[in-house]
Amino acid sequence: MAGPAQLVIEAFETRFRSTPDIARAPGRVNLIGEHTDYNSGLVLPMAIDLACYAASAPNREGLLRVYSENLKQARQWPIDQLGQLQPSGDWTDYVLGIARQLPLGRGRDLSVYSTVPLGSGLSSSAALEVATALAMGWSGSLPSLELAKLCQRAENEFIGLPSGIMDQYVSVFGRANSALFIDCRSLASEPVELPAGAVIVAVNSRVKHELAQSAYWQRVEECRDAVREIQRDLRDATPDTLDLIRNPVILKRARHIVSENERVTEFVAASRKGDLAKMGRLLVASHRSLQHDYEVSCEELDFLVDTALGIPGIFGARMIGGGFGGCTVNLVDPAVMDHFTNTVADAYRAKFGVKPVFYPVQPAEGASRLS
């Protein structure tokens, strides 16, 4: 065992002086299907070769003790007080949300290390949740829908974020060489092999605007308003159904969800045919819908997308994640990879004074126990 796994083991043994169980859970890139998961919609994410590693073992101190090797931060709480705690707004909320659902006995120690960049829209939080649950004693077999649901509950019930299940699902069920076509209503999924001839590159804008979390809540409520107006789930709506919506803002939000579900289906079909050009056009259409109808993009993300689209050999690009910062995903001809990274980096730094970070990613297996 080497690399990040060895690093988290050494951090654990140095701090806690015991031998831990180890688990790994990947982050994700959502190729298409943004903000559809909490609307019972369709999504096409892939687990990626960036992951969170967690090491854990029991203690007899009556404490939950946690340590982040990335942040060099340690926290601890009495086990018998976990049920009384409130979210504090930092990374430990995800650990506590999981810990409150597991039998921790007389105490538990946990060390984590992640190669998923924090706050980037690559689902570092779901990777942390899934790895933590596995390392701290969730004992079911893998892959497991129950594990994904447990981790979603940590966000919904303790942190209070009304997120869908996509991030946890793909972290658990991810497949090497394939994306996952997930129906967020039935929770069924099927692998979709991605065609050769393109590299998937996440580009981190390195910004996260304060509006992000409040706007997420607002979009959830606006979609609920749309459902009340049309008297059916947005998953079942059609463009004609949307004519019933009188509020122009609510109409735009609903239009994004309905059209995005259609784009997911079309993207899956294009991928299976190896049609990179159409896949790229659908990525761009998704971004424009997020930009103009769902209104969750920002100047930095729009600049990254528009700059990429001006480079020959870029099939398509769009923002990913909740919005207002984080990453874009880009479908890139391998022959122009160096030109792409240099051109985008130079233009972005000239405009915003910061260099974006590039992550060429590949589809990876879902969560696993390493010990």
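The values are calculated or read from the model by the stated rules, or taken from the named source; none is laboratory data. Since the model is a prediction, treat every value here as computed from it, not as a measurement. Glycine also receives a Cβ, built like all others from the backbone with ideal geometry; neighbour counts cover every protein chain displayed. What goes into the accessible areas is simple: the full protein's heavy atoms, side chains included, and nothing from ligands, DNA or RNA. Shrake-Rupley method; radii C 1.70, N 1.55, O 1.52, S 1.80 Å.
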Would you work out the charge dipole size for segment 293-371 about its Cα centre, treating the Cβ of every Lys and Arg as +1 and the Cβ of every Asp and Glu as -1, and quote it to the nearest 20 debye?
300 debye
Return the Cα extents of segment 281-321 along principal axes one, two and three, sorted largest first, each rounded to a whole Å.
28, 20, 16
Projected onto their principal axes, the Cα atoms of segment 119-235 stretch, largest extent first, over whole-Å spans of 40, 40, 33
Which value in Å does the Kirkwood hydrodynamic radius of segment 210-249 take, with 1/r averaged over all unlike C-alpha pairs and then inverted?
10.9 Å
Between Rg and the Kirkwood Rh of segment 39-146, both from Cα atoms, what is the Rg to Rh ratio?
0.98
What is the dipole size for segment 234-278, taken about its Cα centre, with +1 at each Lys and Arg Cβ and -1 at each Asp and Glu Cβ, in debye to the nearest 20?
160 debye
Calculate, axis by axis, the spread of Cα positions in segment 230-358 along the three principal axes, and write the results as whole Å, longest axis first.
50, 37, 18
Under 27 Å Cα-Cα from LYS278, which lysines qualify once same-chain neighbours fewer than 8 residues away are excluded?
LYS252
Over the chain, with every protein chain in place, what whole percent of the accessible area is carbon and sulfur at 1.4 Å, could you tell me?
48 percent
So, in Å, what gap is there between the alpha-carbon centers of segment 75-140 and segment 299-344?
33 Å
What's the FRET efficiency of ASP302 with GLN218 using the Cβ-Cβ distance as r and R₀ = 25 Å, to the nearest 0.05?
0.80
Whole-number D in µm²/s for segment 299-370 (Stokes-Einstein; Kirkwood sum over Cα pairs; 10 °C, 1.306 mPa s):
120 µm²/s
Beyond 17 Å, what share of the Cα-Cα pairs of segment 4-57 remains, rounded to the nearest whole percent?
53 percent
Pick from CYS327, CYS184, CYS151: which residue has the top mean-square fluctuation in a GNM of the chain where Cα pairs under 10 Å get a spring?
CYS184
Straight-line reach from LYS208: which lysines have Cα under 19 Å away, leaving out those fewer than 8 places along the same chain?
LYS351, LYS355
With eigenvalues of the C-alpha gyration tensor scaled by 5 and rooted, segment 183-305, Å
26, 21, 13
Cα lying deepest toward the dipole's positive end in segment 239-327, options ALA277, ILE245, CYS298, charges on Cβ:
ALA277
Options HIS339, GLY322, ILE311, ranked by Cα towards positive dipole end of segment 298-371, top entry (Cβ charges)
GLY322
Please get the size of the charge dipole for segment 214-371, origin at its Cα centre, with Cβ charges of +1 on Lys and Arg and -1 on Asp and Glu, quoted in debye to the nearest 20.
180 debye
Calculated from backbone phi, Karplus (6.51, -1.76, 1.60) coupling profile of segment 339-350 in Hz, x at Gly/Pro
4, 4, 5, 5, 5, 5, 4, 5, 5, 5, 5, 5
Net charge near GLN152 (other residues with Cβ under 12 Å of its Cβ; Lys, Arg +1; Asp, Glu -1) is -4
